[in-house]
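Novice: Dropping a structure here in structure tokens format, bear with me for questions.
Every number in this text was worked out from the coordinates using simple rules, so none of it is lab data. Worth saying up front: this structure is predicted, and the values here are computed from it rather than measured. Neighbour counts are summed over all protein chains in view; Cβ atoms, including those assigned to glycine, are modelled from backbone coordinates with ideal geometry.
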């Protein structure tokens, strides 16, 4: 069974350890790296095959929006889940327009975290085939 490789970009080591522990409870995922800054996250992404980035909005140097902009500019093939305290609708809207898979506000329960990880797996499974049925698309968007 393939394990999805996860990068956690979170400046607070205590919060990062929570996301790491949550991830370890889901066998299909493995945290392969953690970054405390956006610049460090970009360096990890350049040198490791990452399937999923779990990131905060507020980080030193590059914030989450700047980091996501760089990821999209470089066309890196990974999905992004944002877990943050940022609740401003303009910020949430910008992230969704940049193609994040999910946006979760802190505090985040394991159940909500797992729901997001399950969605990642559903999307990944859907796009493995050469064609997609409308019912599958509807399921993802419901």
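Novice: Using only Cα atoms, tell me the angle between helix 13-24 and the longest principal axis of the chain; keep it within 0 to 90° and round to the nearest 10.
Specialist: Once rounded, one gets 20 degrees.
Novice: I want to make sure I understand the PRE zone here: with the label point 7 angstrom from the Cα of residue 43 toward its beta carbon, which residues in segment 51-94 have backbone N atoms less than 15 Å away?
Specialist: Within reach of a label on residue 43: 60-62.
Novice: Taking percent of Cα pairs over 21 Å apart as the quantity of interest, determine which of (i) 37; (ii) 40; (iii) 44 was computed from the displayed structure.
Specialist: Given (i) 37; (ii) 40; (iii) 44, the calculated one carries the label (ii).
Novice: Run through the DSSP bridge list for the chain and note the antiparallel percent, rounded to the nearest 5.
Specialist: 0 percent
Novice: Next question. Give me the distance in nm between label points sitting 7 Å out from Cα along the Cα-to-Cβ direction at residue 133 and residue 114, one decimal.
Specialist: Calculated label separation equals 2.7 nm.
Novice: Provide 69, 103 in ascending order of the number of other Cβ atoms located within 10 Å of each residue's Cβ, fewest first.
Specialist: The fewest-first ordering by Cβ neighbours comes to 69, 103.
Novice: Which whole-number percent is the relative contact order of segment 1-130 (Cα, under 8 Å, 6+ apart)?
Specialist: Relative contact order, segment 1-130: 21 percent.
Novice: Next question. Sort 124-137, 43-56 by the packing proxy (mean of other Cβ within 10 Å over each peptide's residues), most packed first.
Specialist: Taking the mean over residues of other Cβ atoms within 10 Å, the ranking is 43-56, 124-137.
Novice: Any idea how far the Cα center of segment 88-128 sits from the one of segment 51-79, in Å?
Specialist: Cα centroid to Cα centroid, the span is 14 Å.
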